[in-house]
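To start, the structure under review is shown below, and the notes come after it.
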Amino acid sequence: MKIQAAITGVYGYVPEFVLSNKVLETMVDTNSEWIETRTGVKERRILKGKGLGNSDMAVEAIKGLLKKKNISPEEIDMIIVGTVTPDHIFPSTSNIICDKIGAKNAWGYDVSAACSGFLFSLITGTQFIETGKYKKVIVVGSDKMSAIVDYNDRSTCVIFGDGAGAVLLEPNTEGFGIQDSILRVDGAGKKFLYQQGGGSVQPPTMRSVANLDHFIHQDGQTVFKFAVKGMADVSEEIMKRNNLKSEDVAWLVPHQANKRIIDATAKRMGVGSEKVMLNIQRYGNTTSGTIPLCLWDYEKQLKKGDNIILSAFGGGFTWGAIYVKWAYDTK
Ligand code: UT7
């Protein structure tokens, strides 16, 4: 009897404040039409409020998940957080979340894999469930991108937003859950999408702040090319090695960085747009948040047994695809 890790619940949180393309037009030299046609983003959410950070969004997502599943915080074994915008360098956001929600029996840590953060975290959580020792693992994808976005850089600031999604992983012995994964990294891609300052190579100084080293730096066109190829390659590969034809795939859940990257991935997989989850128009690119937020938005449409492909590409470079057999119908 093989133990597999199944997603048994999902919940999300996005901040209330809506930053529309129209408002962005007043902040930086851009226009709504360019943003919408070149990226697919219409608006994004921004976490406002002094002292609020990533963990505050993740906590809301997890609290919603626990309530929905009727689980107490003490029952959680582990919380794994995919993020590149942790509350602090240390302690980990997971530590802070465990404290804030009262998960007294849990431990956990953060996984840094940029836009592939949720995929890398999901596969990490899967390993713990598959040992048989862990019964309830929460995997969170959460990012407060507004903390590291330079709102004077028009080609980067228009795509990002803030948000968090969380899933519960539990053991399944009926063949449902995470079936397969392909995860990749290529550190040579670092120079095309990175945050220079804040770590041990370039600790914060007056100069690093003045140099804008604490913001995202992105060579959009280069990242775009790598993302189109990377996401499509692994999505196609995971379908092939699991003998999945286009018609066998119920849903593609792509990372939401640019609608054109999503369309290219779906095309390579032979999957029609009616099977592609999208929230980029409302939330933009929430980095680790995009995929669990999509699952949250579309949960009611998912059926037990659906074959789902999760796919992402992000800074670092990091990328990957996961094949999930959905484990439940939503009442
Ligand atoms: O999620 C993690 C991974 N990240 C990604 O996957 C992002 C991948 N890259 C992209 O999505 C796109 O490259 C961007 C959305 C970032 C940029 O779109 P693009 O179509 O690649 O634009 P570009 O940088 O090639 O610029 C084309 C033109 C330029 O003008 P000229 O030189 O042709 O006159 C830019 O100055 O568009 C201009 N431009 C803008 N115009 C209005 C760039 N940004 C804007 C803007 N508003 N916001």
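Each residue of segment 226-235 was assigned a 3J(HN,Hα) from its phi angle through the Karplus curve 6.51 cos²θ - 1.76 cosθ + 1.60 (θ = phi - 60°); the sequence is 5, 5, 4, 6, x, 5, 5, 4, 6, 5 Hz, with glycine and proline shown as x.
Here the Debye sum runs over all C-alpha atoms of segment 154-199 as equal scatterers in vacuum, and log10 of I(q)/I(0) at q = 0.16, 0.22, 0.30, 0.31 Å⁻¹ comes out as -0.88, -1.04, -1.14, -1.15. Taking 0.36 nm per residue of separation and subtracting the Cα-Cα distance, full extension of the segment from D153 to K63 would add 28.9 nm.
Counting pairwise Cα distances across the chain, what percent come out greater than 28 angstrom? Pairs farther apart than 28 Å: 36 percent.
Our summary gives the chain a relative contact order of 25 percent, counting only alpha carbon pairs under 8 angstrom and 6 or more residues apart.
Peptides 116-128, 256-268, 279-291: what's the order by average Cβ count within 10 Å, highest mean first?
Numbers: 116-128: 25.9, 256-268: 21.4, 279-291: 28.2.
Result, highest mean Cβ count within 10 Å first: 279-291, 116-128, 256-268.
For the pair E36 and Q301, a Förster radius of 22 Å applied to the C-beta separation gives a FRET efficiency near 0.35, rounded to the nearest 0.05. For segment 179-325, relative contact order (Cα pairs under 8 Å, six or more residues apart, normalised by length) works out to 36 percent. Using the average count of surrounding beta-carbon atoms within 10 Å as a protection proxy, the listed peptides 148-157, 67-76 rank, highest first, as 148-157, 67-76.
Taking other residues whose beta carbon is less than 13 angstrom from the beta carbon of T131, and scoring Lys, Arg as +1 and Asp, Glu as -1, yields +1.
One Cα centroid belongs to segment 210-274, the other to segment 79-144; the line between them spans 24 Å. Here the 3J(HN,Hα) profile of segment 167-175, calculated from phi with Karplus coefficients 6.51, -1.76 and 1.60 at θ = phi - 60°, is 10, 9, 9, 9, x, 9, 10, 10, x Hz, Gly and Pro shown as x. Normalised by the number of residues in segment 174-247, the average gap of Cα pairs under 8 Å and 6 or more apart makes the relative contact order 30 percent. For segment 179-325, the alpha carbon convex hull comes to 120 Å³ per residue, rounded to a whole number. What FRET efficiency comes out for M27 versus H214 if R0 is 25 angstrom and r is the Cβ-Cβ distance? Round to the nearest 0.05. Step by step, r from the Cβ atoms, then E = 0.85. When both segment 299-331 and segment 169-193 are represented by their alpha-carbon centers, they are found 10 Å apart. Ordered by the number of other Cβ atoms lying within 10 Å of each residue's own Cβ, fewest first, H217, H88 fall into the sequence H88, H217. Among L24, L310, what is the fewest-to-most ranking by other Cβ atoms within 10 Å? Sorted ascending by nearby Cβ count, the order is L24, L310.
Every number here is computed from the coordinates shown, using simple stated rules; none is lab data. All figures in this text were calculated on a predicted structure; none of them were measured in a lab. Every residue, glycine among them, receives a Cβ derived from its backbone with ideal geometry; neighbour counts consider all protein chains shown.
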